[in-house]
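The block underneath contains the structure these notes are about, expressed in structure tokens.
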Amino acid sequence: MSQTTSHQAFSEPWARAWADQLRDDEAYRKAAATWEGSIALEAHREGEPAGAVFADLWHGECRTARAASVDDLAEADYVIRAALPIWKKVMAGKVDPIFGLMSGKLKLSRGKLAHLTPYISASKALVRAAARVPTHFPGDDAELTQASAAPSHLAPTSSAGASSNQIAAPGQRHYRTTSEGGLDHGLPVMGLWHKGKKLGVWDPRDIDFTADLADWRRLADIEREVILHLTSLFQAGEESVTLDLLPLIQVIAGEGRLEEEMYLTSFLFEEAKHVEVFRRFLDEVAEDRSDLSRFHGDNYRLIFYDRLPTAMSRLRHDSSPAAQAEASVTYNMIVEGVLAETGYHAYGSILERNGLMPGMQQTVGYLKADESRHLAYGVYLLSRLVIEHGEPIWRVIEQRMEEMLPPAIGLIHELFEAYEEMPFGLELEAFTDFAMGQFQKRMKRIERARRQSLDDLRREPVRTA
Ligand SMILES: [Fe+2]
Ligand SMILES: [Fe+2]
């Protein structure tokens, strides 16, 4: 850096130096071999424009790069916008670009996220090339410090979790419900419990699949194959979340959080019914008893055969807040939030749009409602952990999200790549856009906990949509 001239970020000479780096970059060329389209990166500072660059990228080549004109910004296939301190973190390798987009740190103001997500390696190579350009950021050192510093009023309230709530050793147990304490109806999680008791009691055996069977028999082979594929992902996913939830319930019970544990009993009951209803569909509609694990690709296996069970079973011997946060991010935010909820949303809408399988449509309605409560609990749990244990837990959450998002998005791509033409008008965007919107909403909610107290959390009703 000392021998080369440093360029101001997002200036014309910076753009040219970036293009030079890309031209010599074998890793980028390979990762972006199928990439077509121009991209503009736009920086702002306190809402004011702070520079933008435009690059015309084609099949691993950077055909041109320059400071972006107004026309470039209007015509680029993709425009990514962020505050200067965020760009600085991206270029320092502290924020992964695709994670930045998913979490809303970087905004995609033109273009579809679904088109960018297969290019995780290419986007990293683009950023690494930018990071090799000696760069200075105009007067933003103070901003960066500000952006990354932890709010000072967020010291953990207790390092031991709910100290007043801890379960006593056997023999010295104190029962809260036979004392003045009673049940704590002020806890927001009680709202989920009450909803669960009313809405989570549908019976998988009551679903009428008669019309579904008739529809199934009329479908084309490729249509049946895609539904079977999706069902195999849902089925094993539901089995996995049923098998893997118990250690979390045990940890919560061990901390004496009676109300949360009460809600979690309905949570597990619902997951068990989800397993049952998909198996009924396979047995009675698809009439398929073959080994459906043939549909489970690499990303699916990484998540459901390894990361999820590992994170959940860690809780058997490690009940630390960090282990709880890692488990909940994997289970609630990734598996339920990005995958299950998104899958049900897209699946339900294609059935509806094509007027197909009314029994399954009704089922998806139930599944969505149940999952929205599960997710609300995950958001509540993670917010509570952030409030109780402060920034170290927030960092665990962010890091785990960053680790798990690429395989989660990869799994969605895996599904689409398996078919030359997707039937039913199924679109990749329907999955990724919905996943991104929901994910951002929840991340924002959890991030808000960094500035909140337990009393604030208590006053907020738990939202289920
Ligand atoms: Fe489920
Ligand atoms: Fe769930």
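The values are calculated or read from the model by the stated rules, or taken from the named source; none is laboratory data. On a predicted model such as this, the values are computed, not experimentally measured, just so you know. Virtual Cβ from ideal backbone geometry, glycine too; neighbours counted across all protein chains shown.
I'd like to check which strands (runs of 3 or more DSSP E) are fully inside region 1-118 and have at least 1 residues that are of a type in the set (Asp, Glu) and in the same structural domain as THR135 (by TED's automatic domain parsing).
Details: elements: 36-45, 48-58, 61-67, 78-83, 107-110.
Answer list for region 1-118: 36-45, 48-58, 61-67.
Out of LEU243, LEU219, LEU248, I need the residue that is in the same structural domain as LEU339 (by TED's automatic domain parsing), within 16 Å of ligand 2 (Cβ to nearest atom) and surrounded by fewer than 19 Cβ atoms within 10 Å (Cβ to Cβ). Which one?
Working: LEU219 fails: within 16 Å of ligand 2 (Cβ to nearest atom); LEU248 fails: surrounded by fewer than 19 Cβ atoms within 10 Å (Cβ to Cβ).
Just one listed residue meets the conditions, LEU243.
Considering every residue within region 363-375, establish whether at least one is more than 16 Å from ligand 2 (Cβ to nearest atom), in a helix (DSSP H, G or I) and of a type outside the set (D, E, K, R).
First, the residues of region 363-375 that are more than 16 Å from ligand 2 (Cβ to nearest atom): none.
Checked region 363-375: no residue is more than 16 Å from ligand 2 (Cβ to nearest atom), in a helix (DSSP H, G or I) and of a type outside the set (D, E, K, R).
Per-residue answers, yes or no, for (1) away from ligand 1 (no atom under 14 Å from the Cβ); (2) of a type in the set (Ser, Thr, Tyr); (3) in the same structural domain as MET401 (by TED's automatic domain parsing):
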{"position": "HIS296", "(1), (2), (3)": "yes, no, yes"}
{"position": "TYR300", "(1), (2), (3)": "yes, yes, yes"}
{"position": "ARG314", "(1), (2), (3)": "yes, no, yes"}
{"position": "PRO358", "(1), (2), (3)": "yes, no, yes"}
{"position": "ALA369", "(1), (2), (3)": "no, no, yes"}
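Looking at region 1-51, which of its residues are surrounded by 19 or more Cβ atoms within 10 Å (Cβ to Cβ), among the small types (Gly, Ala, Ser) and under 29 Å from the mean Cα position of the chain (by Cα)?
Correct list: ALA31, ALA32, SER38, ALA40, ALA43.
For GLU447, state whether it is under 28 Å from SER266 (Cα atoms), surrounded by 18 or more Cβ atoms within 10 Å (Cβ to Cβ) and acidic (Asp, Glu). Can you show your working first?
Values: under 28 Å from SER266 (Cα atoms): yes; surrounded by 18 or more Cβ atoms within 10 Å (Cβ to Cβ): no; acidic (Asp, Glu): yes.
Taking the combined requirement at face value, the residue does not satisfy it.
Could you tell me how many of the residues in region 414-465 are more than 27 Å from LEU108 (Cα to Cα), in a helix (DSSP H, G or I) and of a type in the set (Val, Ile, Thr)?
Qualifying residue count for the region: 0.
Does LEU264 meet the test of being surrounded by fewer than 20 Cβ atoms within 10 Å (Cβ to Cβ) and within 14 Å of ligand 2 (Cβ to nearest atom)?
Numbers: surrounded by fewer than 20 Cβ atoms within 10 Å (Cβ to Cβ): no; within 14 Å of ligand 2 (Cβ to nearest atom): yes.
The answer is no for LEU264.
Working carefully through the options THR178, THR157, find the one that is under 29 Å from the mean Cα position of the chain (by Cα) and at pLDDT below 95. Break it down into steps so the answer makes sense when it comes.
Numbers: THR178 fails: under 29 Å from the mean Cα position of the chain (by Cα).
One residue alone meets the criteria, THR157.
If you go through region 274-287, how many residues are assigned to a loop (DSSP other than H, G, I, E, B) and surrounded by fewer than 15 Cβ atoms within 10 Å (Cβ to Cβ)?
Restricting attention to region 274-287, the residues satisfying the condition of being assigned to a loop (DSSP other than H, G, I, E, B) are 285-287.
Restricting the remaining residues to those that are surrounded by fewer than 15 Cβ atoms within 10 Å (Cβ to Cβ) gives 287.
The number of residues fulfilling the criteria is 1.
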